[in-house]
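Trainee: Below you'll find the structure I mean.
Just so you know, all these numbers are worked out from the coordinates, no wet-lab data involved. Everything numeric in this text was worked out from a predicted model, so none of it was measured. Here the Cβ positions follow ideal geometry from the backbone for every residue, glycine too, while neighbour counts run over all protein chains shown.
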Amino acid sequence: MIEVENLIFDYSDKRVLHQVSFQLEAGSVTALVGPNGAGKTTLMRCIAGLEVPVQGRIVIAGIEVVRFPRKAHAYLGYVSDHFGLYDALTVKQNLFYAACNHGPTVETANNQVQAVLDLLDLRTYQDQLVQALSRGWRQRVGIGMALVHQPKVVLLDEPAAGLDPDARFALSALFKTLQSQGVTLCISSHILSELEEYCTQMIVLKAGRVMTQCPADPTHALRLQEQYQIAMRTGEKS
């Protein structure tokens with residue numbers, strides 16, 4: 001579903017990604033882990049077609065992202081660490097705007113919005129301005145905007161950051177639901193314990209390089225913690 005091959009990315013005179021390569025199977029849930037500054041956000045933005053690499057190839061559902069970013073966006077949802085919301089709009093208006101970006105009919109867009117309101121338990125808040133919501137509910141709206149066009153792939157950058165335990169539990173349940181629907185998820189974090197419960201595999205990124213790709217199980221998680229100094233507990237810093 002996702003293929004990344006020999007990806008190189010530079011910011012000015014600094015190389016951020018060094019020949020990154022990996023493949024993610026359809027329906028997998030991948031934890032992209034590594035210390036702060038490892039290049040996780042840059043990698044996700046490249047996969048999402050929001051940054052153009054110096055070199056390399058990214059393919060989503062058979063579409064080359066660098067050559068055809070808009071076409072790839074039809075299969076892709078991306079949730080940044082700041083959610084990308086429009087504070088002056090209501091929850092429902094944010095979702096409708098996101099749906100319309102992909103060119104459906106008004107009727108189809110409205111149906112997609114209704115489905116997301118139910119999926120994320122947002123119906124109670126649909127007429128509230130986004131700026132009035134807590135971080136946990138704002139995050140749900142951001143995820144809803146990424147899901148509203150029913151993509152096959154969803155990228156989430158540090159989605160659990162700043163959430164309370166109840167919100168983290170709800171987030172975990174949502175990811176399991178999406179996985180059961182065949183959605184391919186790639187979720188970044190610098191804290192392994194946020195991801196172990198629902199991920200099927202882990203990719204460790206350090207200093208812009210893929211160090212390993214392995215199954216998501218306690219044995220591998222402990223080895224990764226010891227070898228790459230990745231945090232295991234919520235709130236622990238790398």
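Trainee: Positive end of the charge dipole of the stretch 80-150 (Lys, Arg +1 and Asp, Glu -1 on Cβ, about the Cα centre): tell me which of Val113, Ala98, Leu129 has its Cα farthest that way.
Mentor: Leu129
Trainee: Compute the long axis of helix 91-100 from its Cα atoms, compare it with the longest principal axis of the Cα atoms of the chain, and write down the angle in degrees, 0 to 90, nearest 10.
Mentor: With rounding to tens, the tilt is 70 degrees.
Trainee: Additional query: What's the exposure ranking of Arg70, Arg168, going from fewest to most Cβ atoms within 10 Å?
Mentor: Arg70, Arg168
Trainee: Now for a different question. Specify the angular offset, from 0 to 90 degrees and rounded to the nearest 10, of the alpha carbon long axis of helix 106-119 from the longest principal axis of the alpha carbons in the chain.
Mentor: Approximately 60 degrees, to the nearest 10.
Trainee: Around Met202, which amide H atoms from residues at least 5 apart in sequence, or from another chain, sit under 5 Å from its own amide H, with H modelled in the peptide plane?
Mentor: For Met202, the qualifying residues are Ala31, Cys214, Ala216.
Trainee: Let me ask you something else. Using a basic spin-label model with each label point 7 Å from the Cα along Cα→Cβ, how many nm lie between Asn6 and Glu197?
Mentor: 4.2
Trainee: So, with +1 on the Cβ of K and R and -1 on the Cβ of D and E, and no other charges, what is the size of the charge dipole of the stretch 3-129 about its Cα centre, to the nearest 20 debye?
Mentor: About 240 debye.
Trainee: To test your reading of the geometry: what angle, between 0 and 90 degrees and rounded to tens, separates the Cα axis of helix 165-180 from the longest principal axis of the chain?
Mentor: 90
Trainee: Okay, moving on. Could you state the number of Å between the C-alpha centres of the stretch 67-138 and the stretch 1-59?
Mentor: Spelled out, the Cα-based centre of one part sits 25 Å from the other.
Trainee: Run the simple label-point estimate for Gln181 and Thr124 please: 7 Å along Cα→C-beta, distance reported in nm.
Mentor: Between Gln181 and Thr124, the simple spin-label model gives 2.1 nm.
Trainee: Another question about this same structure. Could you give the nm distance between label points at Leu50 and Asn101, where each point is 7 Å from its Cα heading toward the beta carbon?
Mentor: Between Leu50 and Asn101, the simple spin-label model gives 0.9 nm.
Trainee: Run the count for the chain, please: Lys pairs, Cα-Cα under 22 angstrom, 8 or more apart or on different chains.
Mentor: Total qualifying Lys-Lys pairs in the chain comes to 8.
Trainee: Determine the relative contact order of the chain: mean sequence separation of Cα pairs under 8 Å and six or more apart, normalised by residue count, in whole percent.
Mentor: 28
Trainee: Lys and Arg at +1, Asp and Glu at -1: add these up for the other residues within a Cβ distance under 15 Å of Arg67 and post the number.
Mentor: Result for the neighbourhood of Arg67: -1.
Trainee: Given bins 5 angstrom wide, list per bin the percent of all Cα-Cα distances in the stretch 8-90, short to long.
Mentor: Distribution as computed: 3, 12, 21, 24, 20, 11, 5, 2, 0 percent.
Trainee: Using the number of other C-beta atoms within 10 angstrom as an exposure proxy, rank Thr105, Thr212 with the fewest first.
Mentor: Thr105, Thr212
Trainee: If you take the square roots of the eigenvalues of the alpha-carbon gyration tensor of the stretch 70-169 and sort them as a ≥ b ≥ c, do you get rounded (a/c under 1.5), prolate (a/b over b/c) or oblate?
Mentor: In terms of gyration-tensor shape, oblate.
Trainee: Let me ask something else. Which of the peptides 154-166, 35-47 is most tightly packed, and how do the rest follow, going by the mean number of other Cβ atoms within 10 Å of each residue?
Mentor: Taking the mean over residues of other Cβ atoms within 10 Å, the ranking is 35-47, 154-166.
Trainee: What is the ratio of the Cα radius of gyration of the chain to 2.2 N^0.38 Å, with N the residue count, to two decimals?
Mentor: Normalised Cα radius of gyration, the chain: 0.99.
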